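Peer 1: Quick one: the structure is below, and I'll ask about it shortly.
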Amino acid sequence: MDNKYNLQISTPFEELDRGFEFYAPQKTIDDNGRRILIAWMGVPEQYEDKHPTVKHKWLHAMTLPRELTIKDGKVYQTPITELEILREEIVHQFNLSLKESNQQVIDMDKETAELLLEVNDQSTERLEISIRGEVRLIFNKEKKVFTFERRSFVDGLMERRQCELKSLQQLQVLLDASTIEVFVNNGEEVFTARMFPYKENKQVKIGSFGKTTINFSHWSLKSHSQIFSRGYKNVK
C-alpha cells in the first residue's frame, strides 16, 4: 500500500492452499511472535450433502495449526512444532533406492500417521506416492508439475489439483481417518483435502520412473484426547 493508501499488487495471485477443502483461514500471533493459521477443511455448498459423514450427523473438519513465514516474497506454511508431541515411537525409518517400475509398499498400523520423505537423488523423471488407495501424489520432473489426485466422494472418479514446482526435495504428510495435509518442500506448497478410504487399507506405495533414493520416516500419531487428557506441555 503506497502513501496515498492505494493497494499495490506486486506479485501474481497464488492460492494459499492448493487442495480441495480449504476455507476461511484465520490467523493469530502467539506469545513467541509466530503467525499461526487454522482453516476450515470444507467448502460451503460444495457437495456438502455427498460427504459420507452426513449419515453420522457430522460434517467437515479443521486443519492442523500452521506457522506462516515469508521466504523470498512467498508465504510458506509448516505444521507447528508442538504437533511433534503426537508422534509415537517411529514405525519405519530407512533409505529407499528405487528403480524403474520398482515399488516400495509400506503397511501403516494406524490411520493417524505422519510421513516424511526426503528426496536425495533428483534424477528420476516421475515420483509417485499412493496413500490408502484414495490419494496419489505425483511429481513430474520434465513438466515441473506436482499433482494431488484423489478419488471423488461425489462420483468415485479421480480428480486432481496441480501446481508448478521446479523440484521436489521434501514431502511431509499428516493423515487422520478422513483428512490429509501435504506440505511440499518445507511448506512451499500445501494441499489440504478430505478422503474416505476403506478402513482396512492402510498401505502407502512409493514408485519411481527412473532411479532415485529417498529417506523415508513414518510415525503413528496419538489422538488429541491422549495428549490433552494428560495435560499439555509446550514444545519449544
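The values are calculated or read from the model by the stated rules, or taken from the named source; none is laboratory data. From a predicted model like this one, the values you see are computed outputs, not experimental measurements. Using ideal geometry, Cβ is built from the backbone for each residue, glycine included, and neighbour counts are taken over all protein chains shown.
Peer 1: With the requirement that a residue be at pLDDT below 95 and of a type in the set (F, W, Y), what does the range 5-22 give you?
Peer 2: Within the range 5-22, Y5, F13 meet the criteria.
Residues checked against (1) among the aromatic types (F, W, Y); (2) modelled with pLDDT of 90 or more; (3) surrounded by 12 or more Cβ atoms within 10 Å (Cβ to Cβ):
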site	(1), (2), (3)
N3	no, no, no
T28	no, yes, no
I36	no, yes, yes
P44	no, no, no
W58	yes, no, no
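Peer 1: Let me ask something else. Go through the residues of the range 154-166 one by one and say whether even a single one is more than 28 Å from E88 (Cβ to Cβ), of a type in the set (D, E) and in contact (Cβ under 8 Å) with a residue 24 or more places away in the chain.
Peer 2: So far as the range 154-166 goes, yes, one or more of its residues are more than 28 Å from E88 (Cβ to Cβ), of a type in the set (D, E) and in contact (Cβ under 8 Å) with a residue 24 or more places away in the chain.
Peer 1: Kindly indicate the residue of the range 125-167 that is outside any loop (DSSP other than H, G, I, E, B) and of a type in the set (F, W, Y) and also nearest to F209 (Cα to Cα) among those meeting that condition.
Peer 2: Among those that are outside any loop (DSSP other than H, G, I, E, B) and of a type in the set (F, W, Y), it is F139.
Peer 1: Same structure again: Could you list all residues from the range 80-119 that are more than 14 Å from W219 (Cβ to Cβ) and of a type in the set (D, E)?
Peer 2: Those that are more than 14 Å from W219 (Cβ to Cβ) and of a type in the set (D, E): E82, E100, D107, E118.
Peer 1: While we're here: Can you pull out every residue in the range 95-121 that is in a strand (DSSP E or B), surrounded by fewer than 19 Cβ atoms within 10 Å (Cβ to Cβ) and either small (G, A, S) or touching a Cys at 6+ places or on another chain (Cβ under 7 Å) (or both)?
Peer 2: Correct list: S97 only.
Peer 1: Something else about it: Test each condition in (1) under 21 Å from S217 (Cα atoms); (2) at pLDDT 95 or above; (3) of a type in the set (S, T, Y) for Y76 and report the one that comes out false.
Peer 2: Failed condition: (1).
Peer 1: Now a separate question. Could you list all residues from the range 168-201 that are closer than 15 Å to F146 by Cα and part of a strand (DSSP E or B)?
Peer 2: Within the range 168-201, Q170, L171, Q172, V173, E181, V182, F183, V184, E189, V190, F191, T192 meet the criteria.
Peer 1: Restricting the range 125-163 to residues that are aliphatic (A, V, I, L, M) and under 18 Å from I106 (Cβ atoms), which is surrounded by the fewest Cβ atoms within 10 Å (Cβ to Cβ)?
Peer 2: Checking each candidate, the answer is I138.
Peer 1: Could I ask something else about it? Out of R126, R136, R161, R150, which single residue is of a type outside the set (V, I, T), modelled with pLDDT under 95, in contact with an Asp or Glu (Cβ under 9 Å, 6 or more places away or on another chain) and within 26 Å of K74 (Cβ to Cβ)?
Peer 2: Exactly one of R126, R136, R161, R150 is of a type outside the set (V, I, T), modelled with pLDDT under 95, in contact with an Asp or Glu (Cβ under 9 Å, 6 or more places away or on another chain) and within 26 Å of K74 (Cβ to Cβ), namely R126.
Peer 1: Okay, next question. Considering only the range 94-124, how many residues are in contact with a Leu (Cβ under 9 Å, 6 or more places away or on another chain) and more than 21 Å from G210 (Cβ to Cβ)?
Peer 2: Matching residues across the range 94-124 total 8.
Peer 1: Could you list all residues from the range 210-219 that are part of a strand (DSSP E or B) and either surrounded by fewer than 18 Cβ atoms within 10 Å (Cβ to Cβ) or of a type in the set (D, E) (or both)?
Peer 2: Within the range 210-219, T213, N215, S217 qualify.
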